Amino acid sequence: MIDAERPDTPGLWRVFAVQYATRTALRSTHFHYPDNRGGEPHPTAYYVWLALSQTDTVLIDAGLAPSTAEGMQGLDYFGSPLEIIGGLGIAPGDIDLCVLTHLHYDHTGVVADLPRARYVVQRRELEYWNGPWATRIEQERWLHSRPDIDHVAASTRLDLVDGDRELLDGLSVHSVGGHTAGMQIVRVRTARGNIVLASDASHFYENIESDNPFAILHYLPDMFGAFDRIQELADGPDHIVPGHDPLVSERFRAVDRQPHVVSLG
């Protein structure tokens, strides 16, 4: 294993942000409230997160599949998230648990390639995408992958959660909604304190710091509530990890010989 040793203390975790792609769009497409900088280029990073305890291996989100990435204009795709994680000595069959923060296509892409992981999804999230409204709402219907959702829904390894739950000692999920109907965030206890993997509850540091949600959302009041909940659960601003901010890869220590992986704690 390359610089991905497990912690010595029960109940503590090591967490890694694994960046597998990047793409640049306009700033106006990334913030709900416009400003006079809307025409500026604004980069997006794509991550999954890996959490290791003494005994458990947890993947948070499942990224983009290579086949999907090929058709995305302007995407710089570094490789399958599972290939990059492989550089840390973690094979798909090693993953015990896959927490899906929500069911957008760029968070479910390699979910079918996990042979034994339990899937953790908020019940409200799965019901929404399998219900009557998602395909009728134009701003949302393009955001899901029907094969990925069908795979998760049919799996005997699916664990549906209603609200907050501690999944393992030191690792819990918390329902916030906002970006999607059943958006959840993940709190992880590390040696430097409790960090919150906000995923798309706050795409960028700027979303939560300026109280300006991402442009794509399901219900605006819950987006603001998610910002509050993230800050309540994290041990400080430097313990918040947004879902798509390139600054994550700059603010945290790079893992040796792994250019697309940083250690969060």
Review point. Looking at this structure, is GLN122 touching an Asp or Glu at 6+ places or on another chain (Cβ under 8 Å), of a type outside the set (D, E, K, R) and closer than 18 Å to TRP13 by Cα?
Key: no
Check your understanding: With HIS174, HIS179 as the choices, which residue is more than 16 Å from CYS98 (Cα to Cα) and either crowded, with 16+ Cβ neighbours inside 10 Å or modelled with pLDDT under 95 (or both)?
Key -> HIS179
Check your understanding: Considering only region 117-131, how many residues are outside any helix (DSSP H, G or I) and out of contact with any Gly (no Cβ under 6 Å at 6 or more places or on another chain)?
Key -> 7
Practice item. State all residues of region 86-142 that are among the acidic types (Asp, Glu), free of Cβ contacts under 8 Å to residues at least 60 places away in the same chain and farther than 30 Å from ARG257 by Cα; if no residue qualifies, say none. Key: GLU125, GLU127, GLU138
Check your understanding: Do we have HIS260 as farther than 28 Å from GLN54 by Cα, surrounded by 17 or more Cβ atoms within 10 Å (Cβ to Cβ) and either touching a Cys at 6+ places or on another chain (Cβ under 8 Å) or not acidic (Asp, Glu) (or both) here?
Key -> no
**Study point:** Residue within region 135-145 that is hydrophobic (A, V, I, L, M, F, W, C) and in contact with a strand residue (DSSP E or B) (Cβ under 7 Å, 6 or more places away or on another chain) present
**Key:** no
**Study point:** Per-region count, region 46-97, residues crowded, with 23+ Cβ neighbours inside 10 Å, touching a helix residue (DSSP H, G or I) at 6+ places or on another chain (Cβ under 8 Å) and either modelled with pLDDT under 95 or part of a strand (DSSP E or B) (or both)
**Key:** 5
Revision key, fill the gap. Filter region 167-220 for residues that are in a loop (DSSP other than H, G, I, E, B) and aliphatic (A, V, I, L, M); the one that is farthest from the chain's Cα centre (by Cα) is ALA191
Check your understanding: Going by the conditions given, is PRO213 touching a residue at least 24 places away in the same chain (Cβ under 8 Å), loosely packed, with under 15 Cβ neighbours inside 10 Å and out of contact with any strand residue (DSSP E or B) (no Cβ under 9 Å at 6 or more places or on another chain)?
Key -> no
Revision key, fill the gap. Per the filter on region 232-256, residues out of contact with any strand residue (DSSP E or B) (no Cβ under 6 Å at 6 or more places or on another chain), more than 23 Å from HIS107 (Cα to Cα) and either in a helix (DSSP H, G or I) or modelled with pLDDT of 95 or more (or both) are GLU232, GLY236, PRO237, ASP238
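The values are calculated or read from the model by the stated rules, or taken from the named source; none is laboratory data. Predicted model only: the values in this text are computed from it and were never measured. Because the Cβ atoms are built from the backbone with ideal geometry, glycine has one as well, and the counts that use them run over all protein chains shown.
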